[in-house]
Structures are given as C-alpha cells and as structure tokens.
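The block underneath contains the structure these notes are about, expressed in structure tokens.
Every read-out reported here was derived from the displayed coordinates using simple, explicitly stated rules and does not represent laboratory data. Being a predicted model, the structure only gives us computed values, none of them experimental. Backbone-built Cβ (ideal geometry, glycine too); neighbour counts: all protein chains shown.
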Amino acid sequence: MNVLITGGAGFIGSALAQALLDEGCRVVLLDNFNDYYDPTLKRANVARLCPAEHVHLVEGDLRQPSDVEAAFSVLPIQRVAHMAAMAGVRSAIPAEVYAAVNVMGTLHLLEAARRHGVELFVMASTSSVYGETEAVPFVETDNADRPLTPYAATKRAAELLGHTYHRLHGMRVTVLRLFNVYGPRGRPDMMPMKLFHASQTGAEVTLFNGGDIARDWTYVDDTVDGIVRALHTPFGYEIINLGLGSPIPLRAFVEIVEGLTGRRIRTRAAPTPPSDPPITFCNNEKARRLLGFAPQVSVAEGLARTWDWFRRL
C-alpha cells in the first residue's frame, strides 16, 4: 500500500510512517519543516525511518497546490493520512495562518486526492473541537459547534470539508479526533516534555487552576495503532474519537513525573485561559466497535517509557 502522510516529519506523522513501513508499505512524507518547534528534530525523525528506500520525502507546503501535487506525483497514492496542521491551542499565531493551513491546506489535499482517485482519506482532528462541552465524556454525536480557539475552529471546518467531499464525490473519509498524544520524541512545547526538562533544569512550570484540570493523555503507540487501523478500514464518512478514555488531573500528572525523575518540579498556579476547557475525556466506544481499538498503555506506564527515552538524550 502506498500512503501519503502529511506532517510526516512530525511527532505523530513519523511514528505512523514507521508503523506503516513495518507493515511493508511505501510512504510519501509531505512536510514544510516550519519553525513552530526546532526543524532539526523533525529532520532527525525522518532520518530514523527504515527501510529508507521505501520513504520518499517531499518538502512542501499544503498552502501551495503545486507542492501537494508534487507529493501525489511520487507514487500512485492509494491512501492519505492527513496529520499536518498549524498547531498550538494558545499560540499567538494569527488566525489567518490557522485558516490558510488547516482549512485551505486541507481543501488542496482533498482536491488532489479526488483527482488521483485516492481510496481512503484519513484526517487527524482534535479533541479541541468539543470546546467546553457539557457532554462528558466527549462523544462523536456532540455538535462540536462551540470551539474555543482558531485552531479548534479550523480543525472543525476541515472535518466538514471532508464530509462535503464524501457527499459530492463519494470519497471515503475518516476523521480521527485525537486526545492529548504524548510519548518519546514528543513536541517540546507539550506538557510532558516541559515537565521532564524542568525536572533537570529547575525551571518553573505554570499549572492552570493550580493543576486542577484534567487531560486524557494518550500514548503515541496507541494513537498510531488506531490510525493504522483506520487506514485499513474504509467507511463512507465517519468521525471517531481516538483516546485512552481515562483523564488524569494535571497535578497528579506532575506527581508521576516527579516520582520518575526523583526531582521536585517548581510550579506556579495561574488562571485557566479561556482557550482551555476544564477536562478532556474521550468516549472511545465507537473506535473500539468500528476499529477494534484497544489502548494498552496507562499514563503511568507511558510516562515511564517517555522518561526512559528522555534520560538517554
């Protein structure tokens, strides 16, 4: 199977690429190596992929239709794993950039997939689309029409574009709403990496509401397993939550890291910004039923694995 992975040099995209390579697939990676975080980390992700002869890298931007077309021209693409996005829930990035990357970029990709007769389009979305919903745990039947950030709003818009292409062109589209993915080689701006770094440097970490917010942290291997299952399981149009289904208060999360590192982490309390809901909580029953998804890694085990990787850096 030939798979195009957008954002293929990133944390999740590169882990997905390796999982597909292990199955004997050939992968095309499309990535623009932007500087939201250090691009050298992304290049190292690509360099680790093996067998290298089955990996094709296209350096390009979703905002440029010609770059998207170049990615589709490398191999006859059968399936797309759209992992790329302009990330950052609380970032100061202008809303126009989120719209250009997450909406127009997705539109360019869907249009190219239509022209090339792609069998299945799997799109990474986010639990952020639920906003501060009253339906907890979060379930796919929620309208998800009250996003709290431009990031979440544009990801929801991308989901809707996927439905339009299914309806008008018969494209098979699966939307996966990911929940707080973490693990080795995770993004440095995410809380697990901040905590591990702080345990070694003594830096202070801000905890919103004194750590009395809860997040449904999902280990990267479980997330990738779910994405691979989705790539092997075509539907018409489906939205599927992909998360552990076991939220943990941030204060308890910090305590696990302190136990692993043997270091007390300096923290300070701050008001929770309007961009952040008090909880993320995945109802993953649909993923279990449709994909056979069964996450295996608890938060304690996942953080232990991540610390084992971090301490070897």
Measure nothing fancy, just the Cα-based angle from helix 11-22's long axis to the longest principal axis of the chain, in degrees from 0 to 90, nearest 10.
60
Along each principal axis of its Cα atoms, how long is the chain end to end? Whole angstroms, biggest number first, please.
54, 43, 38
From the phi of every residue in the stretch 292-301, what ³J(HN,Hα) in whole Hz does the Karplus formula 6.51 cos²θ - 1.76 cosθ + 1.60 yield, where θ is phi - 60° and glycine or proline is x?
x, 5, 8, x, 10, 9, 5, 4, 4, 5
Relative contact order (%) - criterion: Cα under 8 Å, at least six apart; region: the stretch 2-138
27
Any lysines whose Cα falls less than 27 Å from that of LYS42, other than same-chain ones fewer than 8 residues away, would be LYS155, LYS194
With only helices counted (DSSP H, runs n ≥ 4, each -39500 (n - 2.57)), the per-residue ellipticity at 222 nm for the chain, to the nearest 500, works out to -11500 deg cm²/dmol
Low-density loop positions, trypsin sites (Lys or Arg not before Pro), the stretch 31-108 - DSSP coil, at most 15 other Cβ in 10 Å:
ARG48, ARG63, ARG90
Ratio of the stretch 1-160's C-alpha Rg to 2.2 N^0.38 Å, to two decimals?
1.04
GNM of the chain, Cα pairs under 10 angstrom: of ASN34, ASN284, ASN180, the biggest fluctuation goes to ASN34
Could you work out the relative contact order of the stretch 151-229, using alpha carbon pairs under 8 angstrom and six or more residues apart, expressed as a whole percent?
32
Using a Gaussian network model on the chain with a 10 Å cutoff between Cα atoms, which of LEU242, LEU16, LEU195 fluctuates the most?
LEU195
Arrange the following residues from fewest to most other Cβ atoms within 10 Å of their Cβ: CYS50, CYS25.
CYS50, CYS25
